[in-house]
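Only one structure is covered here, and it is reproduced in the block below.
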Amino acid sequence: MMNLKRYLILYAELWKNSVTREISFKGNFLLWIVVELLWFGLQLCFVSVLYSQTKSIGTWTQWEMVLLVGASNFIQQLYQAFFLTNCTNLSELVRTGKMDFFLLLPVNTRFLVSLRVVDLGAFVNALFAVCVMIFAATKLSLHPTVGQFVGFAALCVVGIMIHYSLMFILATICFWTVRAQGIVWGYYNLFNIARMPDEAFHGVFKAVFTFALPVLLVSNVPVRVLADKIYSPSAWLILVGVGAMWAVIAEWFWRISLRRYTSASS
């Protein structure tokens, strides 16, 4: 408990530093919010254009897909708030030798590397995603139960952790290649697949993006729970199982990667 309290205090200080940084660059803070909102708006426009040509994709109606796009953006923005900047900056820590400083501190190195920067603007964009989800749920006349809300929230957390585990593994490749931003951003671009209904894909493509890189599971399963479109526990059990598997692999890969680090003085 004392150790947990110590890390909570440390994380609170990291939040303060992030707030100070955002206040120092207000223009950049506001600009990124606007850019993300414009991109979100384009995704919703895409749904409108798509459903002007068809009434459904599989069993997904237009407003169900709007709900899916909102949930996908919500998960993506929360991931971006906590982890994205930290994962993309890992290669710079290795390249410049700043990793030495983190390794010498009397705290868990992965904790600092993963959580030292918080993107506060992403929380604002996540709130807009929630508003879109509420509007879509109203159009669908959904009345989720408390259990559905809890299940949705829990599965969103699992989805965020899957994204984190996979991107963290890709980021640690920098211990071999020095630079790995391209690989990390490449996976980030795959987030766009998560806003599509899983029923739109078939064959090898669906298998890869369901199990190997489970971007389809990350948003589809939570929305199915919220919209009462899940008829067996197998889908969320797969999501939780895949999440646990990638979390274990990420920790294993991190420990192996650290052995490759030779410090700035070597």
With all distinct Cα pairs included, what does the Kirkwood hydrodynamic radius of segment 144-266 come out to in Å, to one decimal, could you say? 15.7 Å
For the chain, with a Gaussian network of springs between Cα atoms less than 10 Å apart, report the residue from Trp252, Trp15, Trp63 with the top mean-square fluctuation. Trp252
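By Kyte-Doolittle mean hydropathy of at least 0.0 and Cα axial length of at least 27 Å, which whole DSSP H helices of the chain are selected?
Details: long enough: 2-24 (34 Å, -0.20); 26-51 (38 Å, 1.53); 120-139 (30 Å, 1.90); 146-171 (37 Å, 1.99); 234-258 (36 Å, 1.42).
Result, helices passing both filters: 26-51, 120-139, 146-171, 234-258.
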Note: probe point = Cα of Arg255 + 7 Å toward Cβ; backbone nitrogen < 12 Å; residues of segment 77-117 passing the test are none
Across 5 Å bins beginning at 0, the whole-percent shares of Cα-Cα pair distances in segment 35-111 come to 3, 12, 16, 15, 11, 9, 9, 8, 7, 6, 4, 1
Of Ala244, Ala71, Ala122, which has the largest mean-square fluctuation in a 10 Å C-alpha GNM of the chain? Ala244
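Among all lysine pairs in the chain that are eight or more places apart or on different chains, how many have alpha carbons less than 19 angstrom apart? Walk me through the intermediate numbers first.
On the way: Lys5/Lys16; Lys16/Lys26; Lys55/Lys139; Lys55/Lys229; Lys139/Lys229; Lys206/Lys229.
For the chain, qualifying lysine pairs total 6.
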Simple spin-label estimate for His143/Val248, 7 Å along Cα→Cβ, in nm, reads 4.3 nm
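Between beta-carbons, use under 15 Å as the cut-off and find the net charge around Val19, counting Lys and Arg +1, Asp and Glu -1.
Working: positive: Lys16, Arg21, Lys26, Arg116; negative: Glu13, Glu22, Asp119.
Local net charge: +1.
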So for Ser263, Ser165, fewest C-beta neighbours within 10 Å to most, what's the order? Ser263, Ser165
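Please list the equivalent ellipsoid semi-axes of the chain, computed as the square roots of five times the alpha-carbon gyration tensor eigenvalues, in descending order and whole angstrom. Provide the component values of the computation, followed by the final result.
On the way: eigenvalues 230, 87, 66 Å².
Semi-axis lengths for the chain are 34, 21, 18 Å.
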Modelled FRET efficiency - R0 22 Å, Lys98 with Leu120, Cβ distances, 0.05 increments: 0.45
Which value in nm describes the separation of the simple spin-label points at Thr177 and Asn192, placed 7 Å from the Cα toward the beta carbon? 2.0 nm
With a 10 Å Cβ neighbour count serving as the proxy for reagent exposure, in which order, fewest first, do Tyr261, Tyr7 appear? Tyr7, Tyr261
Comparing Thr88, Thr61, Thr177 in a Gaussian network model of the chain (Cα, 10 Å), the one with the largest mean-square fluctuation is Thr177
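Bear in mind these aren't lab numbers, they're just calculated from the coordinates by the rules spelled out. Remember, predicted model here, so these are calculated numbers, not experimental data. As a convention, Cβ positions derive from the backbone with ideal geometry for all residues, glycine included, and neighbour counts pool all protein chains shown.
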